[in-house]
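Undergrad: Structure in structure tokens, see below.
The values are calculated or read from the model by the stated rules, or taken from the named source; none is laboratory data. Fair warning: this is a prediction, and the values are worked out from it, not measured in the lab. When we count neighbours, we look across all protein chains shown, and the Cβ atoms used for this are built from the backbone with ideal geometry, even at glycine. Just the protein is used for accessible areas: all its heavy atoms, side chains included, with ligands, DNA and RNA removed. Shrake-Rupley method; radii C 1.70, N 1.55, O 1.52, S 1.80 Å.
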Amino acid sequence: NKHEAEAEKRRQELQSMNAAKAKILANGFKHYNALCHECHAKDGKGTKVGVLTLGAPLPGSPRVNGDKDRLIALTMKGLMGPVDGKTYGVMMPLETNTDEYIAEVLSYIRNSWGNKSDLVTTAEVKEVRQAIQDQKAMYTMDSLYEVFPTFISPKKK
């Protein structure tokens, strides 16, 4: 019957969407474990070296879960200086990586350790890369929020 056929088609669409998402997150997991965990640790809470934590914590981070463009820019150009009043190591720029690499690793961190945010697409990374191509210096929190202010979107009814 028609309804069963539509339901089956929808089930197959969802299955392929879930498979595509799983592939993105699996690739992001590989990238994270190859590089990012050195500073941010396997649990995303930051690697401690003596009294210093190398990378800012990622679980529940407003930068991780907030505006995607801001997160992409921070990842591409790097970040120095205090974050939320604490001093961490310098976040090195990752702009030499491909748009796909950055989208995958950011999608992974936005969906790990209790974070539940939209995936980052390759197209979004490409768009931000073009927009910030003239930015030479690493961001500080102040310069990052100057370029990417926080927008409070109206709540959906």
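Undergrad: Give me the pairs: first residue in the range 21-43 and without any contact (Cβ under 8 Å) to a residue 60 or more places away in the chain, second residue among the β-branched types (Val, Ile, Thr), beta-carbon distance under 6 Å, and six or more apart or on different chains, which are they?
TA: Between residues of the range 21-43 that are without any contact (Cβ under 8 Å) to a residue 60 or more places away in the chain and residues that are among the β-branched types (Val, Ile, Thr), the close pairs are CYS39/THR47; ALA41/THR47.
Undergrad: For the condition in contact (Cβ under 8 Å) with a residue 60 or more places away in the chain and surrounded by fewer than 17 Cβ atoms within 10 Å (Cβ to Cβ), what is the one hit in THR87, THR150?
TA: Values: THR87 fails: in contact (Cβ under 8 Å) with a residue 60 or more places away in the chain.
That would be THR150, the only listed residue that is in contact (Cβ under 8 Å) with a residue 60 or more places away in the chain and surrounded by fewer than 17 Cβ atoms within 10 Å (Cβ to Cβ).
Undergrad: Moving to a separate point now. Using the structure shown, decide if ASN1 is of a type in the set (S, T, N, Q) and within 15 Å of the chain's Cα centre (by Cα).
TA: Details: of a type in the set (S, T, N, Q): yes; within 15 Å of the chain's Cα centre (by Cα): no.
The answer is no for ASN1.
Undergrad: In the range 125-136, which residues are open to solvent by 20 Å² or more (accessible area, probe 1.4 Å) and either touching a helix residue (DSSP H, G or I) at 6+ places or on another chain (Cβ under 6 Å) or under 25 Å from ASP43 (Cα atoms) (or both)?
TA: Of everything in the range 125-136, those that are open to solvent by 20 Å² or more (accessible area, probe 1.4 Å) and either touching a helix residue (DSSP H, G or I) at 6+ places or on another chain (Cβ under 6 Å) or under 25 Å from ASP43 (Cα atoms) (or both) turn out to be LYS126, GLN135.
Undergrad: Let me ask another. Identify all residues within the range 53-64 that are open to solvent by 50 Å² or more (accessible area, probe 1.4 Å) and modelled with pLDDT of 95 or more; write none if there are none. So that I can check it myself, show each step before the final result.
TA: The initial filter retains those residues of the range 53-64 that are open to solvent by 50 Å² or more (accessible area, probe 1.4 Å), namely 57, 60, 62.
If the condition is that a residue be open to solvent by 50 Å² or more (accessible area, probe 1.4 Å) and modelled with pLDDT of 95 or more, then PRO57, GLY60 are the ones that fit.
Undergrad: Output the residue which, of all residues in the range 39-52 that are modelled with pLDDT of 95 or more and open to solvent by less than 80 Å² (accessible area, probe 1.4 Å), is farthest from VAL105 (Cα to Cα).
TA: It comes out as THR47.
Undergrad: Of the residues TYR88, TYR108, which is under 14 Å from the mean Cα position of the chain (by Cα) and of a type outside the set (A, V, I, L, M, F, W, C)?
TA: On the way: TYR88 fails: under 14 Å from the mean Cα position of the chain (by Cα).
From the options TYR88, TYR108, the qualifying one is TYR108.
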